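Please read the structure below before turning to the comments.
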Amino acid sequence: MLNFKDYNPLEGKQLQIMDEKGNLNESLRPAELTDELLIDIYKKMTLLREMDKKAASLQRQGRMGVFASSYGQEASVIASSMAMGKEDWIVPAYRQQGAIIAKNLPISNFFLYYKGNEVASRLPRESHLFPVAIPVGSQPLHAAGLGMAARLKGDQTCAIAYFGEGATSEGETLEAFNFAGVYKANTIFFCENNQWAISTPRLRQTAAKTIAQKGVAFGFDGIQVDGNDPFAVFAATLAARKRAAEGEGPTLIESFTYRLGDHTSADSAKKYRDPAEVEPWHDKEPLLRTRLYLTQKGLWDDQKEEDLANEVYNQVGIAVAEAEKTPNQTIDDIFDYTFAELTPTLQEQKSYLKQFYPET
Ligand SMILES: Cc1ncc(C[n+]2csc(CCOP(=O)(O)OP(=O)(O)O)c2C)c(N)n1
């Protein structure tokens, strides 16, 4: 099992198990990540990329709203959430549609949500997946609370929060780190450091040398991993999960990756980001290197790739059709789930809206 002490973020150490060419350091490979599981992770990452591709096209056609793509960051969300147990809680931000795949929930939820249909936020309770949360910095608090509850109950389950490096400049994130550290919460803080918070580059985000070292400041381990290496992401998450479940407290994982696309479909990164900076990251992206590894091992070939491409294309097509035929939420749905009793202002707003949509 991975020893976090070997990767002190203050010394700028980073965990990498598979390099850009698909070469593996077998001595660091977690036994749990078999080739079979890696193929599953590869398939899920490919599905995620197809979902993002389709969503971009739907948004341009006016069939979906603004959304955030995971392009280039697929290993971060898929390999980490696949290292979590079935009962564990996942608290995604707005870029982690991959968690829906990892939790085996209908991917139509992703399209539904960004079509503006709140029905997509009503996930099955037993899935232990939180709905999308757009407020930057809110996810770590939820996962700290869930992890503290698990610890108090003596549960072996834990919670993982996803957020970007920009979110680590929010007070809420640091408050979550503090509580989780003091109460030894069963929590994993998973930061997808994709180098940009909209137009704010990493160097302007914090003077800290690494994001991972922020864990050290709060009294728990932080580790920086190559976020485009599914082996490293999986190994760190698995080790952090084991520690949390054994009552040893939280871990901060900094998944060092790169946002290959725009911040969202409403953004144009070309306005603030030099394309020359982006270019080399295309050679480091996670699908490419996983395919190289699998091909070198004789586990993958062009035919399998073509079959997979057809499979995910069809799967996404079916999910979009499903989302487009799902009835919209009612006016009641918009108001009824936050307060036990509506406040007078909200009551007034609800009645006002109902005049225009009496049938809902
Ligand atoms: C509290 C809050 N402030 C501002 C925003 C607007 N906003 C949306 S995403 C974003 C940048 C977040 O960057 P980062 O945390 O690095 O995550 P990334 O989007 O790169 O995954 C901002 C400022 C928001 N959603 N919530």
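The values are calculated or read from the model by the stated rules, or taken from the named source; none is laboratory data. All of these numbers come straight from a predicted model, not from anything done at the bench. Glycine gets a Cβ as well: all are built from the backbone with ideal geometry, and neighbour counts include every protein chain shown. The area values use the complete protein model at the heavy-atom level, side chains included, leaving out ligands, DNA and RNA. Shrake-Rupley method; radii C 1.70, N 1.55, O 1.52, S 1.80 Å.
Matching residues to (1) open to solvent by less than 50 Å² (accessible area, probe 1.4 Å); (2) part of a helix (DSSP H, G or I); (3) outside the structural domain of Glu50 (by TED's automatic domain parsing); (4) at pLDDT below 95:
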{"position": "Trp300", "(1), (2), (3), (4)": "yes, no, no, no"}
{"position": "Lys304", "(1), (2), (3), (4)": "no, yes, no, no"}
{"position": "Ile318", "(1), (2), (3), (4)": "no, yes, no, no"}
{"position": "Ile334", "(1), (2), (3), (4)": "no, yes, yes, yes"}
{"position": "Phe339", "(1), (2), (3), (4)": "no, no, yes, yes"}
{"position": "Thr345", "(1), (2), (3), (4)": "no, yes, yes, no"}
{"position": "Glu348", "(1), (2), (3), (4)": "no, yes, yes, no"}
{"position": "Lys354", "(1), (2), (3), (4)": "no, yes, yes, yes"}
{"position": "Glu359", "(1), (2), (3), (4)": "no, no, yes, yes"}
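Among Lys270, Lys284, which is open to solvent by 10 Å² or more (accessible area, probe 1.4 Å) and part of a loop (DSSP other than H, G, I, E, B)?
Exactly one residue qualifies, and that residue is Lys284.
Considering only residues that are within 14 Å of the ligand (Cβ to nearest atom) and in contact (Cβ under 8 Å) with a residue 40 or more places away in the chain, look in the stretch 204-234 and name the one that is nearest to Lys13 (Cα to Cα).
Per the criteria, the residue is Ile211.
Starting from residues that are charged (D, E, K, R) and assigned to a helix (DSSP H, G or I), keep the ones in the stretch 158-203 and report whichever is farthest from the ligand (Cβ to nearest atom).
For the stretch 158-203, the residue satisfying everything is Glu175.
Can you name every residue in the stretch 306-316 that is farther than 24 Å from Thr257 by Cβ and surrounded by 12 or more Cβ atoms within 10 Å (Cβ to Cβ)?
Those that are farther than 24 Å from Thr257 by Cβ and surrounded by 12 or more Cβ atoms within 10 Å (Cβ to Cβ): Glu311, Tyr313, Gln315.
On the phi > 0 side of the Ramachandran plot and under 17 Å from the mean Cα position of the chain (by Cα) - does that describe any residue in the stretch 50-60?
Checked against the condition, which is being on the phi > 0 side of the Ramachandran plot and under 17 Å from the mean Cα position of the chain (by Cα), the stretch 50-60 yields no hits at all.
Quick one: what pairs do we get from the stretch 132-148, first residue on the phi > 0 side of the Ramachandran plot and of a type in the set (Gly, Ala, Ser), second part of a loop (DSSP other than H, G, I, E, B) and within 11 Å of the ligand (Cβ to nearest atom), C-beta under 9 Å, 6+ apart or different chains?
From the stretch 132-148, the pairs are Gly137/Glu170.
Step by step: first the residues of the stretch 114-132, then only those that are at pLDDT 95 or above and crowded, with 19+ Cβ neighbours inside 10 Å, then the one that is nearest to the ligand (Cβ to nearest atom). Which residue is that?
Filtering the stretch 114-132 for residues that are at pLDDT 95 or above and crowded, with 19+ Cβ neighbours inside 10 Å, the one nearest to the ligand (Cβ to nearest atom) comes out as Val132.
Search the stretch 100-127 for residues being touching a residue at least 60 places away in the same chain (Cβ under 8 Å) and of a type in the set (Val, Ile, Thr), and hand back the single one that is nearest to Thr338 (Cα to Cα).
Val119
Each row is one residue, and each column tells you yes or no for (1) over 22 Å from Ser121 (Cα atoms); (2) without any contact (Cβ under 8 Å) to a residue 24 or more places away in the chain.
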site	(1), (2)
Thr257	yes, no
Ala269	yes, no
Trp281	yes, no
Gln296	yes, no
Asp301	yes, yes
Leu308	yes, no
Asn328	no, no
Thr345	yes, yes
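Out of all the residues in the stretch 65-83, is one or more closer than 27 Å to Asp333 by Cα, modelled with pLDDT of 95 or more and surrounded by fewer than 21 Cβ atoms within 10 Å (Cβ to Cβ)?
There is at least one residue in the stretch 65-83 that is closer than 27 Å to Asp333 by Cα, modelled with pLDDT of 95 or more and surrounded by fewer than 21 Cβ atoms within 10 Å (Cβ to Cβ).
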